Amino acid sequence: MSAPPPVPAETTEPFGNGDTARASLEALRSEIAKAVVGQDPTVTGLVVALLCRGHVLLEGVPGVAKTLLVRALAASLELDTKRVQFTPDLMPSDVTGSLVYDARTAEFSFQPGPVFTNLLLADEINRTPPKTQSSLLEAMEERQVTVDGTPRSLPDPFLVAATQNPVEYEGTYPLPEAQLDRFLLKLTVPLPSREEEISVLTRHSDGFNPRDLKSAGIRPVAGPADLEAARNAVARTKVSPEIAGYVVDICRATRESPSLSLGASPRGATALLSTARAWAWLTGRDYVIPDDVKALALPTLRHRIQLRPEAEMEGVTPDSVITAVLAHVPVPR
């Protein structure tokens with residue numbers, strides 16, 4: 001997935017309009033670039049997730065600015081963000097909140113947990129036991145948290161950006177399929193190129209402090225009104241019967257792949273159509289074309305399929321299976 005082409009920033013349409021919102025969201029890339037070098041596809045993936053009201057799993061080795069990226073996105077969108085470091089001793093109540101006894105009133109009151117925010121950074125989510133991982137399931141799916149039988153709504157927008165490292169698997173708890181399926185996208189955060197890494201070092205030598213985003217000059221370039229206008233515009237993006245059939249054919253082909261023990265479910269097909277619509281709108285169109293589906297197939301489906309053990313031993317990867325499927329499924333004209 002590459003970044004969409006630039007959209008003209010100047011517009012005479014009123015604030016909150018879809019075209020204005022597109023220009024504002026496009027400006028996120030240059031704003032975040034003040035703190036994070038490169039990673040345009042990851043930034044775009046996070047924006048797509050916000051447009052689709054989805055969640056993102058970020059996978060990359062330590063030190064590739066996953067945490068900084070989420071913080072910079074929140075600052076550029078003027079959204080509240082909180083970070084939770086997932087550890088083996090983390091309890092569900094440490095995420096969702098709990099009832100606290102107040103000795104002055106002799107009553108229990110609810111103390112909200114860090115999940116009550118716009119962007120929740122769940123750092124190293126695979127280092128906490130399944131019981132705590134599952135505490136996010138209701139929040140991610142229902143946009144609410146139930147404590148002591150009382151449901152409490154989460155803010156809107158709400159996005160979980162969970163990170164996990166593809167190394168050091170000892171002492172980790174792999175996310176079960178049900179949890180993985182709650183993530184709209186799985187984005188791989190690559191190591192920077194040589195030129196990008198030199199730029200990172202130059203910035204640090206010039207006094208850049210990743211813990212102080214204001215000093216980097218990051219300012220809000222979009223807000224909740226832009227995001228809501230963008231979501232409404234994405235909902236109006238047209239999908240032809242041929243495109244819907246193309247999405248279904250791709251997902252059905254994964255279920256028939258000899259390399260997979262588990263293919264993409266109908267929920268995966270729905271997710272792929274949703275992300276393709278958001279991508280189409282970001283590129284300036286009000287209709288979806290096959291290239292939009294292809295652009296989002298890898299990040300939308302790679303975590304929804306499961307390799308057979310023998311295929312994994314032969315070096316087959318989820319991305320290679322999806323790429324092969326895209327090459328063989330007929331593209332609608």
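The values are calculated or read from the model by the stated rules, or taken from the named source; none is laboratory data. Here the structure is a predicted model, which means the values were calculated and not measured. Neighbour counts are summed over all protein chains in view; Cβ atoms, including those assigned to glycine, are modelled from backbone coordinates with ideal geometry. Quick note on the areas: whole protein, heavy atoms, side chains included, nothing else; ligands and nucleic acids left out. Shrake-Rupley method; radii C 1.70, N 1.55, O 1.52, S 1.80 Å.
Any chance you could count how many residues in region 87-115 are under 19 Å from Phe158 (Cα atoms), among the hydrophobic types (A, V, I, L, M, F, W, C) and touching an Asp or Glu at 6+ places or on another chain (Cβ under 9 Å)?
0
Which members of region 91-132 meet the condition of being hydrophobic (A, V, I, L, M, F, W, C) and closer than 21 Å to His55 by Cα?
Let us first name the residues in region 91-132 that are hydrophobic (A, V, I, L, M, F, W, C), namely 91, 95, 99-100, 103, 106, 108, 110, 115-116, 119-122, 125.
Residues satisfying the conditions are Val95, Val115, Phe116, Leu119, Leu120, Leu121, Ala122, Ile125.
Ser134 is checked against (1) in contact (Cβ under 8 Å) with a residue 24 or more places away in the chain; (2) farther than 23 Å from Glu177 by Cα; (3) surrounded by fewer than 18 Cβ atoms within 10 Å (Cβ to Cβ) and fails just one. What number does that condition carry?
Ser134 satisfies every listed condition except (2).
Test Glu26 against the criterion of being of a type outside the set (Gly, Ala, Ser), in a helix (DSSP H, G or I), over 20 Å from Pro155 (Cβ atoms) and out of contact with any Leu (no Cβ under 8 Å at 6 or more places or on another chain), and give yes or no.
On the way: of a type outside the set (Gly, Ala, Ser): yes; in a helix (DSSP H, G or I): yes; over 20 Å from Pro155 (Cβ atoms): yes; out of contact with any Leu (no Cβ under 8 Å at 6 or more places or on another chain): no.
So Glu26 fails the test.
Name the residue, out of Phe116, Phe183, that is part of a loop (DSSP other than H, G, I, E, B), among the aromatic types (Phe, Trp, Tyr), out of contact with any Pro (no Cβ under 9 Å at 6 or more places or on another chain) and at pLDDT 85 or above. Explain how you work it out, then say what you get.
On the way: Phe116 fails: out of contact with any Pro (no Cβ under 9 Å at 6 or more places or on another chain).
Of the residues listed, the single one that is part of a loop (DSSP other than H, G, I, E, B), among the aromatic types (Phe, Trp, Tyr), out of contact with any Pro (no Cβ under 9 Å at 6 or more places or on another chain) and at pLDDT 85 or above is Phe183.
If you go through region 52-65 one residue at a time, how many are more than 16 Å from Thr172 (Cβ to Cβ) and either under 13 Å from the mean Cα position of the chain (by Cα) or open to solvent by 50 Å² or more (accessible area, probe 1.4 Å) (or both)?
As a first pass, look at region 52-65 and keep what is more than 16 Å from Thr172 (Cβ to Cβ): 52-56, 63-65.
Subsequent filtering for residues that are either under 13 Å from the mean Cα position of the chain (by Cα) or open to solvent by 50 Å² or more (accessible area, probe 1.4 Å) (or both) retains 52-56, 63.
The qualifying residues number 6.
Picking from Thr96, Thr44, Thr81, Thr11, which residue would you name as being open to solvent by 30 Å² or more (accessible area, probe 1.4 Å) and at pLDDT 85 or above? Even if it seems obvious, please write down each step before you answer.
Numbers: Thr96 fails: open to solvent by 30 Å² or more (accessible area, probe 1.4 Å); Thr44 fails: open to solvent by 30 Å² or more (accessible area, probe 1.4 Å); Thr11 fails: at pLDDT 85 or above.
After ruling out the rest, the residue left standing is Thr81.
Restricting to helices (runs of 4 or more DSSP H) lying wholly in region 219-293: which have 2 or more residues that are open to solvent by 20 Å² or more (accessible area, probe 1.4 Å) and at pLDDT 95 or above? Outline the logic, then answer.
Details: elements: 224-235, 241-255, 266-282.
The helices (runs of 4 or more DSSP H) meeting that bar are 241-255, 266-282.
Would a scan of region 75-82 turn up a residue that is in contact (Cβ under 8 Å) with a residue 24 or more places away in the chain, out of contact with any helix residue (DSSP H, G or I) (no Cβ under 9 Å at 6 or more places or on another chain) and not in a loop (DSSP other than H, G, I, E, B)? It would help to see each step written out before you state the result.
We begin by selecting, within region 75-82, every residue in contact (Cβ under 8 Å) with a residue 24 or more places away in the chain; these are 75-82.
When the remaining residues are screened for being out of contact with any helix residue (DSSP H, G or I) (no Cβ under 9 Å at 6 or more places or on another chain), the result is 82.
When the remaining residues are screened for being not in a loop (DSSP other than H, G, I, E, B), the result is 82.
Within region 75-82, one or more residues are in contact (Cβ under 8 Å) with a residue 24 or more places away in the chain, out of contact with any helix residue (DSSP H, G or I) (no Cβ under 9 Å at 6 or more places or on another chain) and not in a loop (DSSP other than H, G, I, E, B).
Specify the residue that is nearest to Gly60 (Cα to Cα); the eligible residues are those in region 155-174 that are open to solvent by less than 20 Å² (accessible area, probe 1.4 Å) and modelled with pLDDT of 85 or more. Full working, then the answer.
Here is the first cut: in region 155-174, the residues open to solvent by less than 20 Å² (accessible area, probe 1.4 Å) are 157-163, 165.
Right, trim to modelled with pLDDT of 85 or more and you get 157-163.
On the way: Pro157: 25, Phe158: 23, Leu159: 19, Val160: 16, Ala161: 13, Ala162: 11, Thr163: 8 Å.
For region 155-174, the residue satisfying everything is Thr163.
Here are some conditions: (1) surrounded by fewer than 11 Cβ atoms within 10 Å (Cβ to Cβ); (2) among the hydroxyl-bearing types (Ser, Thr, Tyr); (3) more than 19 Å from Leu68 (Cβ to Cβ). Ser205 meets all but one. Which one does it not meet?
Against the list (1) surrounded by fewer than 11 Cβ atoms within 10 Å (Cβ to Cβ); (2) among the hydroxyl-bearing types (Ser, Thr, Tyr); (3) more than 19 Å from Leu68 (Cβ to Cβ), Ser205 comes up short only on (3).
Output the residues belonging to region 103-123 that are open to solvent by less than 40 Å² (accessible area, probe 1.4 Å) and over 12 Å from Val160 (Cα atoms).
Gly113
Restricting attention to region 193-209, does a residue exist that is in a helix (DSSP H, G or I), of a type in the set (Asp, Glu) and under 23 Å from Val47 (Cα atoms)?
Pass one, region 193-209, residues in a helix (DSSP H, G or I): 194-205.
Subset that is of a type in the set (Asp, Glu): 195-197.
Add one more test, that the residue is under 23 Å from Val47 (Cα atoms), and what stays is 196.
Yes, region 193-209 contains a residue that is in a helix (DSSP H, G or I), of a type in the set (Asp, Glu) and under 23 Å from Val47 (Cα atoms).
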